[in-house]
1. Return only the number of the condition from (1) in contact with a strand residue (DSSP E or B) (Cβ under 7 Å, 6 or more places away or on another chain); (2) surrounded by 12 or more Cβ atoms within 10 Å (Cβ to Cβ); (3) outside the structural domain of residue B:148 (by TED's automatic domain parsing) that residue B:10 does not satisfy.
2. Any idea which of B:129, B:123 is in contact (Cβ under 8 Å) with a residue 40 or more places away in the chain, in contact with a helix residue (DSSP H, G or I) (Cβ under 7 Å, 6 or more places away or on another chain), part of a loop (DSSP other than H, G, I, E, B) and assigned by TED's automatic domain parsing to the domain that holds residue B:149?
3. Can you tell me which residues in the range B:199-209 are in a strand (DSSP E or B) and touching a residue at least 60 places away in the same chain (Cβ under 8 Å)?
4. From (1) surrounded by 23 or more Cβ atoms within 10 Å (Cβ to Cβ); (2) touching a strand residue (DSSP E or B) at 6+ places or on another chain (Cβ under 8 Å), pick out the condition that doesn't hold for residue B:394.
5. Return the only residue of B:188, B:227, B:151 being surrounded by fewer than 18 Cβ atoms within 10 Å (Cβ to Cβ) and in contact with a helix residue (DSSP H, G or I) (Cβ under 8 Å, 6 or more places away or on another chain).
6. Could you look through the range A:119-145, keep only residues that are surrounded by fewer than 14 Cβ atoms within 10 Å (Cβ to Cβ) and not in a strand (DSSP E or B), and pick out the one that is farthest from the other protein chains (Cβ to nearest Cβ)?
7. Residues to consider are B:354, B:429, B:440; find the one that is assigned by TED's automatic domain parsing to the domain that holds residue B:292 and either in contact with a strand residue (DSSP E or B) (Cβ under 9 Å, 6 or more places away or on another chain) or closer than 27 Å to residue B:133 by Cβ (or both).
8. Hey, which of the strands (runs of 3 or more DSSP E) in the range A:1-118, taking only ones fully inside, have at least 1 residues that are within 9 Å of chain B (Cβ to nearest Cβ)?
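The values are calculated or read from the model by the stated rules, or taken from the named source; none is laboratory data. On a predicted model such as this, the values are computed, not experimentally measured, just so you know. Don't worry about glycine lacking a Cβ; one is built from the backbone with ideal geometry, like all the others, and counts go over all protein chains shown.
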């Protein structure tokens with residue numbers, strides 16, 4: 001593990017990531033929840049029991065072969081630490097929990113940001129799913145050419 | 001200018017416009033907001049001047065815990081304006097120093113005496129959950145709340161809660177608050193708002209100042225769920241308007257829809273500092289940096305990651321050296337610390353900020369208990385002086401119970417459970433059969449605390465728990 005408690009962000013190698021053949025044509029959940037904190041809604045929200053945890057203070061682990069990419073865990077995670085990643089028609093795809101204004105529009109171009117908030121490219125918003133009935137809390141799905149970036153894109157910036 | 005118009009999570013219902021006088025000039029306010037909020041929204045930062053050096057002073061905690069917002073209202077000095085609702089036509093003046101007596105004596109009606117089974121002081125998550133548990137079991141308590149709304153600090157927690165389903169995990173604090181407040185109201189629980197408990201006598205009588213009248217509440221049982229106050233830390237200029245508790249900034253933004261500032265330095269990377277920083281981004285405020293004196297982030301890593309991915313830097317081993325400004329903060333100087341927490345000369349850096357938020361810890365609000373003779377102990381791991389108690393949350397006075405941050409600084413999920421435990425303990429004392437519910441709540445609480453983040457609390461409780 002890197003010194004994430006000094007920097008406030010994880011490095012790619014800190015995150016358990018599925019092998020690329022598991023990503024082809026589908027989305028799977030990755031977790032960036034690495035501390036033992038008393039919390040388990042991701043486990044409770046998973047319809048196929050793909051997320052396991054050793055007691056309420058355990059660290060979640062995703063069984064990538066079982067995950068169906070439904071995004072329930074992304075919607076429910078209070079730490080905004082669950083993401084979906086995948087490769088579709090050769091493009092990288094990432095789904096990110098997002099609760100800032102303005103919301104991006106579907107089909108619009110956005111900047112891709114890494115875990116430090118740095119712009120690392122541009123992508124197109126291919127989906128927006130509301131996760132909270134009465135509020136502007138959504139899961140934004142972005143697609144981009146450089147599929148290596150699925151490992152590091154964890155935020156977007158709406159282009160004004 | 002300071003009003004938040006759009007927010008991703010909140011919508012602000014503002015009351016009708018009313019007017020009051022500040023230093024002789026009319027100020028427009030929304031009905032339902034407090035005097036301090038109305039002033040601040042109108043760009044007024046300075047509420048008083050200090051007694052000796054005549055330094056400008058503004059509000060600090062925004063929830064009635066400190067004395068920073070005291071002003072002269074309708075001729076009466078030392079009024080906490082952060083919890084006083086605005087009224088049409090009231091006169092508000094800056095207080096000079098300690099305040100002068102009113103020119104004529106204020107007349108109050110004779111005290112109201114109430115006889116109760118259970119009185120609960122404080123309506124945050126602990127107090128509300130105790131009230132709900134009691135009401136569900138046929139005992140109607142009376143709630144005393146100092147602020148204009150029920151819910152304590154839960155009404156500003158816009159983030160989703162951790163825990164398991166039983167503790168409402170994945171639900172936002174504000175939604176948990178609404179549900180709990182609705183349950184309390186539905187159960188017909190009586191409550192006094194804007195009412196400050198000022199004294200507790202012989203474990204039997206609570207003195208309460210309830211908006212121009214005095215209440216004497218005699219009750220068989222009491223639950224103290226008075227919460228905690230934000231800590232001030234020493235640095236040059238720490239009394240300048242624009243230096244706020246992080247929780248105060250959260251109250252301004254999330255309860256009243258007011259921006260505390262445009263450019264903010266957050267001091268402290270515990271959960272409060274990290275969460276409030278994120279909520280500032282949601283309110284459209286620029287967080288210049290989060291600094292932390294310790295060599296690592298103290299709050300949950302996931303909260304740090306949430307602000308880092310928006311480009312907010314977190315500097316560990318860094319502290320605030322001074323706040324600079326004439327009538328409010330205009331700059332902050334930060335400095336790096338070595339492993340002995342000593343300043344490293346030459347590492348000072350000035351930041352252009354108009355607001356400094358202190359998320360440097362909380363102190364349990366125990367003064368009523370201490371005054372009444374409940375046995376107390378200083379436990380650093382719990383945040384300060386806390387009452388001795390047993391696992392049923394009974395203090396050294398057998399009819400006095402405690403729940404929430406008053407028992408030691410923790411968070412809302414554990415406060416809710418403690419409220420239940422205190423309530424079930426009283427029900428059990430009253431002879432009701434709630435042994436299973438009581439032991440379930442106790443074991444659930446110990447499970448929540450069983451991880452590494454609960455270790456400090458568990459070690460602290462060992463010092464104050466008796467059999």
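1. Here residue B:10 clears every test but (1).
2. Details: B:129 fails: part of a loop (DSSP other than H, G, I, E, B).
Just one listed residue meets the conditions, B:123.
3. From the range B:199-209, those in a strand (DSSP E or B) are B:199-201, B:205-209; that's our starting set.
B:199, B:200, B:201, B:206, B:208, listed by residue number.
4. The number of the failed condition is (1).
5. Values: B:227 fails: surrounded by fewer than 18 Cβ atoms within 10 Å (Cβ to Cβ); B:151 fails: surrounded by fewer than 18 Cβ atoms within 10 Å (Cβ to Cβ).
Among B:188, B:227, B:151, only B:188 is surrounded by fewer than 18 Cβ atoms within 10 Å (Cβ to Cβ) and in contact with a helix residue (DSSP H, G or I) (Cβ under 8 Å, 6 or more places away or on another chain).
6. Checked the range A:119-145; the qualifying residue farthest from the other protein chains (Cβ to nearest Cβ) is A:145.
7. On the way: B:429 fails: assigned by TED's automatic domain parsing to the domain that holds residue B:292; B:440 fails: assigned by TED's automatic domain parsing to the domain that holds residue B:292.
That would be B:354, the only listed residue that is assigned by TED's automatic domain parsing to the domain that holds residue B:292 and either in contact with a strand residue (DSSP E or B) (Cβ under 9 Å, 6 or more places away or on another chain) or closer than 27 Å to residue B:133 by Cβ (or both).
8. Values: elements: A:27-31, A:82-88, A:91-98, A:109-113.
Correct list: A:91-98, A:109-113.
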